[in-house]
Amino acid sequence: MPGNEYDDLIKKLKDENPDVRKEAAEDLGNTGDEKVLKVLIKALNDENPKVRFQSAKSIVKIGKPAVEPLIEALKSDETNTQKYAAFALKDIGDSSVVEHLIEALKDGNWGVRKSVVKALGEIKDKKAVDPLIEVLNDEDWGVRVTAINALGNIGDEKAVDPIKKARRAATGDKEFKKAANKALKKINKK
């Protein structure tokens, strides 16, 4: 694609209309060119969730060349950038990202931790089991429930006792107990 077409798309990525920005993000991803990674990663922090989501999907289309820039984005100070970087890393499916996602479990923002936990559960790498077991003690309820689901998706029997312990500790929390039971069933089926 000639440079001026890139420039036009990049300009559209700054348009005030979110539909124009979303379409520009999609078109940039369709180029498959790693030259557009920087602007797409910046768009992960767009004010509009549809633009952020499309930017992440477009980054995934670029594939392996996006892994390093996304790992850097995971360390950003921008919560949306971190969350959508975790989403994109998961979908690229490179097992080298697991360690970086595990490191991001220590992030101070619960939304980032929840996105990272979800990504780890979908990648299903057993290296994530012990760190996810630790997350069962997270201060945020949503992060804990997501960790239960992630452990169920991974299906490692090592998680059974910690899930049962977390379930017992969640006295009166029917939703948490239901998630724990569902995760335990998934593990027992594997």
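Each value in this text was obtained by applying a stated rule to the coordinates, not by laboratory testing. Quick caveat, the model's predicted, so the values are computed rather than measured. Cβ sites come from the backbone with ideal geometry, for glycine too, and all protein chains shown count toward neighbours.
In order along the stretch 123-136, the phi-based Karplus estimate (6.51 cos²θ - 1.76 cosθ + 1.60, θ = phi - 60°) of 3J(HN,Hα) comes to 6, 6, 8, 5, 4, 7, 4, 4, x, 5, 4, 4, 5, 4 Hz; Gly and Pro are listed as x.
Note the direction-averaged projected area, equal to a quarter of the hull surface, for the Cα convex hull of the stretch 1-45, in nm².
Average of the hull's projected areas for the stretch 1-45 equals 2.8 nm².
Can you tell me the 0 to 90 degree angle between the C-alpha axis of helix 160-169 and the longest principal axis of the chain, rounded to 10? So the helix axis and the longest Cα principal axis differ by about 80 degrees. In the chain, the longest principal axis of the Cα atoms and the axis of helix 49-62 are about 80 degrees apart.
In the distance distribution for the stretch 1-93, Cα-Cα pairs more than 20 Å apart total 25 percent. Taking other residues whose beta carbon is less than 12 angstrom from the beta carbon of Phe53, and scoring Lys, Arg as +1 and Asp, Glu as -1, yields +3.
For the chain, the longest principal axis of the C-alpha atoms and the axis of helix 141-154 are separated by about 90°. Between Glu157 and Asn109, the modelled label-to-label distance comes to 4.0 nm, taking each label 7 Å out from Cα in the direction of the beta carbon. Relative to the current alpha-carbon distance between Thr79 and Glu122, full extension at 0.36 nm per residue lengthens the span by 13.4 nm. In the chain, helices alone account for a calculated mean residue ellipticity at 222 nm of -21500 deg cm²/dmol, with every DSSP H run of four or more residues adding -39,500 (n - 2.57). When peptides 160-170, 104-114 are sorted by average Cβ neighbour count within 10 Å, with the highest value leading, the order is 104-114, 160-170.
Please name which of Pro65, Val143, Ala180 has its Cα lying farthest along the dipole of the chain towards the positive end, using unit charges on Cβ (Lys, Arg +1; Asp, Glu -1) and the Cα centre as origin. Value: Ala180. Within the set (1) 68; (2) 59; (3) 54, the number that percent of Cα pairs over 19 Å apart takes when calculated for this structure is listed as (2). Using Cβ point charges alone (K and R +1, D and E -1), the dipole size of the chain about the Cα centre works out to roughly 1320 debye.
Compute the FRET efficiency between Lys35 and Asn181 as 1/(1 + (r/R0)^6), taking r as their Cβ-Cβ distance and R0 = 30 Å, and round to the nearest 0.05.
0.05
Would you mind calculating the gained length between Asp173 and Glu139 on full extension (0.36 nm times residue separation, minus the Cα-Cα distance), in nm to one decimal?
Between Asp173 and Glu139, full extension yields 10.8 nm more.
In summary, the lysines within cross-link reach of Lys14, defined as a Cα separation below 22 angstrom excluding same-chain residues under 8 places away, comprise Lys22, Lys35, Lys38, Lys42, Lys50, Lys57, Lys61, Lys83.
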